[in-house]
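For reference, the structure discussed in these notes is given below.
Coordinate-derived values only; no laboratory data. All of these numbers come straight from a predicted model, not from anything done at the bench. Cβ coordinates were reconstructed from backbone atoms using ideal geometry, including for glycine residues, and neighbour counts include every protein chain displayed.
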Amino acid sequence: MNRTLIVGHKGQLGTDCMAVLGKNAGGVDLPEIDITDRFQCLEKLNELAPSVIVNCAAYTAVDACETDPVCWKVNADGPKHLAEWAAANGAFLVQISTDYVFDGQRPLFEACVETDPPVPVSEYGRSKLAGERAVLESGAQAAILRTAWLYGANGKNFLKTMLRLALQNPDREIRVVNDQFGSPTWSHTLARQIAAVVDAKATGIFHATSEGHCNWFDLASRFLSLMNVPHCRAPCTTAEYPTPAKRPANSILENAALKKLGINQFGNWEEELAHFVSKHGDALRAEIQKSLNH
C-alpha cells in the first residue's frame, strides 16, 4: 500500500497537505511522534510503515531559535531520524526547508537558485541547513523543498498578525519593514507542489515559492486592502525594527529545478494572495475577531 504519512499534520502546512494528499494520507503530530527522540520516532515509523513521508514538523520561531537549542533537535536531528528510517525501509522522504539557508546578500531582485552555496546567518538557518545535509547524507530517496514567506488559513503567520493589529485598532500605525524582499507563498500551493514532487518521485533540492516578489510592507498593504479592513500603516527599515535573528534582505528564490522537470505549481504571488483571500478571508476575519472578543 502506498501510504503517505504527514509528520506535523496539525500545523499550517501539514493541514493543507492532509487536504491535498487526500484519502491515502495519514497524519501524526506531537505527542504520538517525537522526531527529536530517535528511538520513539523509529518505533512509530515501524508501526505505521509509510512508503512516503512528508516532514512538515519544524521549529520556525526564528528569533527564539537564537537561544533555544531545541530548534536544532527539531530542525536537524528530526529530519536525520526520519531519513535514517526512510533509507532503511525504501520510503520516499520530502523535507521542507527555507530561504534562511542563504545570507540574503545577493543583489536585490536577483534570485537564488538551487545550486547557489548556502550561507546561513541565523541559528534557524543553520539548523535547517543541518537538516538538509542529514537528509542528503542518509542515502534516502528524498526531495528537499526550500520555501519562504509562508502563509495559510491555519496556524500563525504574518498575514494573521497584520489582520489582528488592524482589527484591534484601525487608527494605530502599523510599522512594517520595506527593505526585505521575498516571494509570499500560500501553504496550499506548496502542498500541491509536494504532491507533484511525490508523484514524480523527484529527488534533490528544489526551490518552491510563488512567482514574483515584494517586500513585507507591500504584502501587508496588498493583503489588508484585499481584506477591505481599515488600517493605518507606515514603512520602516530593518535597522529601525531590530530583531534577535538576522533576516535576509533578499529572500527571492527561483524555482529552477521544478521548472526544468515541468512540475512547477506556483503562480504569481498577487494572484495566489487574491485567491487565498477570496477562499479564506471571511473565516480569517471571524477567527481574529473572535479571539479579540475574548
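Placing +1 on the Cβ of every Lys and Arg and -1 on the Cβ of every Asp and Glu, with nothing else charged, gives segment 77-197 a dipole about its Cα centre of roughly 440 debye. Residue separation of GLN40 and LEU292 scaled by 0.36 nm, minus their Cα-Cα distance, works out to 86.8 nm of gained length.
If the chain linking ALA49 and GLU32 were pulled fully straight, counting 0.36 nm for each residue of separation and taking away their Cα-Cα distance, it would gain 4.6 nm.
Taking a sphere under 14 Å around the Cβ of GLU254 and counting the other residues whose Cβ falls inside, with K and R at +1 and D and E at -1, yields a net charge of -1.
In this calculation the C-beta distance from GLU137 to ALA256 is compared with R0 = 30 Å, giving a FRET efficiency of 0.85.
In the calculated pair-distance distribution of segment 1-91, the portion above 20 angstrom amounts to 33 percent of the Cα-Cα pairs. Judged by the mean number of other Cβ atoms found within 10 Å, the most tightly packed of the peptides 146-156, 220-230, 281-291 leads the ranking 146-156, 220-230, 281-291.
Too long at a 18 Å Cα-Cα cut-off: which of LYS44/LYS201; LYS73/LYS246; LYS128/LYS246? Pairs exceeding the cut-off: LYS44/LYS201; LYS73/LYS246.
Between the alpha-carbon centres of segment 167-220 and segment 116-148 there is a gap of 19 Å. Listed by chain and number, the aspartates and glutamates whose alpha-carbon sits under 17 Å from that of LYS23, ignoring those within fewer than 8 places in the same chain, are ASP199. Counting only Cα atoms, segment 136-294 measures 53, 35, 27 Å along its principal axes, largest extent leading. When both segment 233-294 and segment 65-111 are represented by their alpha-carbon centers, they are found 20 Å apart. Only helices enter this figure: runs of n ≥ 4 DSSP H residues, each worth -39500 (n - 2.57), summed and divided by the residues of the chain, yield -12500 deg cm²/dmol at 222 nm to the nearest 500.
In whole percents, the pair-distance distribution calculated for the chain from its alpha-carbon pairs, binned every 5 Å from zero, is 1, 6, 12, 16, 19, 17, 13, 9, 5, 2, 0, 0.
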